[in-house]
Every structure is written in structure tokens, then in C-alpha cells.
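J.: Once you've had a glance at the structure underneath, I'll fire off some questions.
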Amino acid sequence: MGTETMLYEGKAKQIFSTDKPDEVRVYFKDDATAFNGEKKGTIQSKGVLNNSISAFFFELLQSEGIPSHFIKKIDDRNMLVKKLSIVPIEVVVRNIVAGSLSKRLGWEEGRRLSRPVVELYYKDDALGDPLINRSHAAAMDIATPSQLDALEETGLKVNAVLQKFLADKKLLLVDFKLEFGVPVQAQSAAPGGQVLLGDEISPDTCRFWDSTTNEKLDKDRFRRDLGNVVEAYQEIWSRLGGGR
Ligand code: TMP
Ligand code: ASP
């Protein structure tokens with residue numbers, strides 16, 4: 001690891017080069033932010049849990065025919081992934097009203113949507129990641145129409161797989177956010193090339209509710225100062241069979 005350099009530092013992760021140009025190492029931090037970085041904190045062991053939980057979900061998705069950047073878990077806090085050139089769009093899929101959708105539509109949190117809702121957000125911290133539509137994305141030239149199709153289709157497929165899997169664990173998948181990118185080598189051959197699922201899938205990026213009590217088991221416990229934040233992340237990991 002001695003010759004590795006940090007390529008990027010985000011709010012919850014650091015990305016390091018490896019000895020292969022098309023692979024990077026993701027280090028999961030305990031840092032947590034909310035409201036576009038306005039609220040900051042540390043959640044002890046979050047990095048360890050999110051690394052394990054993300055690796056678990058990427059393996060599950062792979063087994064269901066949904067590939068991602070995930071190659072392997074290296075250790076407690078590190079994951080080896082394919083290097084992507086990130087598409088600056090966050091894809092949010094929702095099954096139950098919560099968070100910003102509740103505010104936007106004035107709908108009560110907890111209301112079940114009659115069908116999944118897919119949203120696109122432009123990844124730009126200075127603008128606070130605004131909601132955009134396909135027409136904006138096309139005009140901004142940040143994704144091709146076929147990439148946008150892939151983003152939305154993959155979002156819905158991931159939703160179907162995770163929702164079904166989590167139901168057996170007595171968990172409701174309220175909503176989640178995905179990010180995508182074009183693998184670096186593919187991109188040099190074909191800009192606007194095929195996108196691959198990237199980033200992480202964890203209680204930082206998903207809302208999980210206990211299906212019996214509707215108790216929140218995700219980062220909303222930090223965002224809303226509900227307490228027992230680590231315990232919620234641990235509960236998710238243990239329902240996935242963590243450590244067994
Ligand atoms: P929202 O209701 O705040 O728009 O969030 C929708 C989902 O996206 C929720 O599961 C949390 C996740 N999310 C992120 O992963 N990163 C973000 O920066 C935001 C705002 C939401
Ligand atoms: N991670 C995001 C931020 O700090 C927001 C969130 O997850 O609520 O901007």
C-alpha cells in the first residue's frame with residue numbers, strides 16, 4: 001500500500017490508487033454529514049459496518065445479474081473496486097414517502113407509493129444537488145439517453161432485488177440513492193460508454209425501516225438526532241447475517 005496516493009476524499013470515503021490503473025481502493029470513514037455538509041459528526045465503527053454492508057449488497061446484486069464496481073472486500077474498512085469516471089447524477093428510488101419527497105409533495109412520511117418513483121439529482125455540492133429531469137441531463141450533456149435509460153432501469157432492478165430480499169429480514173426499503181460511472185478503460189475507448197453501478201449501498205444511502213414497528217434503522221437517526229445511530233447500523237448488519 002506504500003506507493004498509493006489518495007485520489008479523492010468525499011464526506012464518508014477516501015479513494016486511493018492501487019498498482020493497477022483500472023482499480024482503486026475505497027476506505028470507509030466514520031465521518032457523517034447531513035444537509036449538504038452543514039451537520040457534521042462521527043459515528044463510531046460506521047466505516048466498518050458500511051464496508052461490510054455494501055460488500056454484502058454488491059455481492060447479492062451480482063448474484064442477481066446486476067454488476068457493479070465491486071471486486072472484493074480487502075479488510076474491515078477497505079474495498080477494492082473498478083475505477084469509474086463518475087456520471088454526476090444521483091439516482092434515487094422510492095417506495096414509501098420520506099425525506100425530501102415528503103417536503104416536496106406535502107405528503108405524509110410513511111405513505112406507500114402506488115409504484116416506485118425514480119428521481120435524478122445533479123451531483124453538485126455548490127448547488128446542493130438539485131433535482132433534475134432527463135431533459136436537464138441531456139441539455140447539460142452529463143449523460144447520453146442510453147446511459148439515462150440504464151440508470152433508471154438499473155435503479156428499478158436494484159429496488160426489486162433489495163426490496164424482496166429485505167422483506168424476508170423484516171425490513172422495509174423506503175428509498176435509496178445510487179451512483180454510476182463508466183469504467184476508466186472502457187471510457188477511454190468509448191466516451192458515453194456503458195455505465196456500471198458504483199459508490200456504496202448502506203444505511204448512509206438507504207432508508208430502512210423495521211417492517212413491524214416502522215423504526216428507522218438508517219442515517220435518519222443521525223440527521224434527526226434520534227439517538228442509537230451505531231446500534232441501527234449494527235442491527236442492519238446483523239439482520240443481513242453479519243459476522244456469521
Ligand atoms: P432524500 O429524501 O433526502 O432526498 O433522500 C433520498 C434517499 O437518498 C435516502 O435514502 C438518503 C439518500 N441520500 C443520499 O444517499 N445522499 C444524499 O446526499 C441525500 C440527500 C440522500
Ligand atoms: N451526505 C449528504 C451530505 O452531507 C446528505 C445526507 O446524506 O443527508 O450532504
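J.: Pop a pseudo-label 7 angstrom from the Cα along the beta-carbon direction at both Trp107 and Asp168 and give the gap in nm to one decimal.
T.: 2.9 nm
J.: Subtract the Cα-Cα distance of Thr213 and Asp22 from 0.36 nm times their separation in residues, and report this length gain in nm to one decimal. Provide the component values of the computation, followed by the final result.
T.: Working: separation 191, 0.36 × 191 = 68.76 nm, distance 4.42 nm.
Roughly 64.3 nm would be gained on extension.
J.: Something else about it: Mean Kyte-Doolittle of at least -1.0 and a Cα length of 27 Å or more along the axis: which whole DSSP H helices of the chain meet both? Intermediate results must be reported in sequence, preceding the final value.
T.: Numbers: long enough: 145-167 (33 Å, 0.14).
Helices passing the filter in the chain: 145-167.
J.: Based on DSSP H runs of at least 4 residues, each adding -39500 (n - 2.57), what is the mean residue ellipticity at 222 nm of the chain after dividing by all its residues, to the nearest 500 deg cm²/dmol? Write out the running numbers ahead of the final one.
T.: Values: 7 runs with 76 residues, N = 244.
When only DSSP H runs of four or more count, the value is -9500 deg cm²/dmol.
J.: For the chain, just run the numbers: alpha carbon Rg, then divide by 2.2 N^0.38 Å, N being how many residues it has.
T.: Working: Rg = 17.4 Å, N = 244, 2.2 N^0.38 = 17.8 Å.
For the chain, the normalised Cα radius of gyration is 0.98.
J.: Starting from 0.36 nm per residue, how many nanometres of slack lie between Thr42 and Lys157 once their C-alpha separation is accounted for?
T.: Details: separation 115, 0.36 × 115 = 41.40 nm, distance 3.23 nm.
Once the chain is fully extended between Thr42 and Lys157, it gains 38.2 nm.
J.: Packing-wise, with mean Cβ within 10 Å as the measure, how do 11-23, 102-114, 206-218 rank, highest first? Show your work: numbers first, answer last.
T.: Values: 11-23: 15.1, 102-114: 11.4, 206-218: 18.1.
Answer by packing, highest mean first, reads 206-218, 11-23, 102-114.
J.: Given labels modelled 7 Å from the Cα in the Cβ direction, how far is it in nm from Leu80 to Leu131?
T.: 4.2 nm
J.: Describe numerically, in nm with one decimal, the distance between label points set 7 Å from Cα along Cα→Cβ at Arg115 and at Glu59.
T.: Output for this residue pair reads 3.5 nm.
J.: Please report the carbon-and-sulfur percent of the accessible area for the chain; probe 1.4 Å, protein heavy atoms only, DNA, RNA and ligands left out. If you can, show how the numbers build up before the last one.
T.: Details: 5890 of 12040 Å².
Carbon plus sulfur share of accessible area: 49 percent.
J.: Same structure again: Pairs Lys46/Lys123; Lys72/Lys157; Lys20/Lys177; Lys13/Lys216; Lys40/Lys216: which are spaced more than 31 Å apart, C-alpha to C-alpha? Walk me through the numbers before you get to the answer.
T.: Values: Lys46/Lys123 23 Å; Lys72/Lys157 22 Å; Lys20/Lys177 28 Å; Lys13/Lys216 23 Å; Lys40/Lys216 20 Å.
Flagged as over cut-off: nothing, all pairs pass.
J.: If you don't mind, another one. Would you work out the relative contact order for region 143-244, in percent, from Cα pairs under 8 angstrom that are 6 or more residues apart?
T.: Once divided by the residue count of region 143-244, the mean separation gives 22 percent.
J.: If you don't mind, another one. Could you tell me the calculated FRET efficiency between Glu9 and Asn228, based on Cβ-Cβ distance and R0 = 35 angstrom, to the nearest 0.05?
T.: E(calc), rounded to 0.05, equals 0.80.
J.: Quick one: which of 166-173, 36-43 comes out on top by average Cβ neighbours within 10 Å, and what's the full order, highest first? Walk me through the numbers on the way to the answer.
T.: On the way: 166-173: 16.6, 36-43: 12.8.
Highest mean packing first, the order is 166-173, 36-43.
The values are calculated or read from the model by the stated rules, or taken from the named source; none is laboratory data. The shown structure was predicted, so the numbers you read here are calculated from the model rather than taken from an experiment. Reconstructed Cβ throughout: ideal geometry from the backbone, glycine too, with neighbour counts over all protein chains shown. With ligands, DNA and RNA removed, areas are computed over all heavy atoms of the protein, side chains included. Shrake-Rupley method; radii C 1.70, N 1.55, O 1.52, S 1.80 Å.
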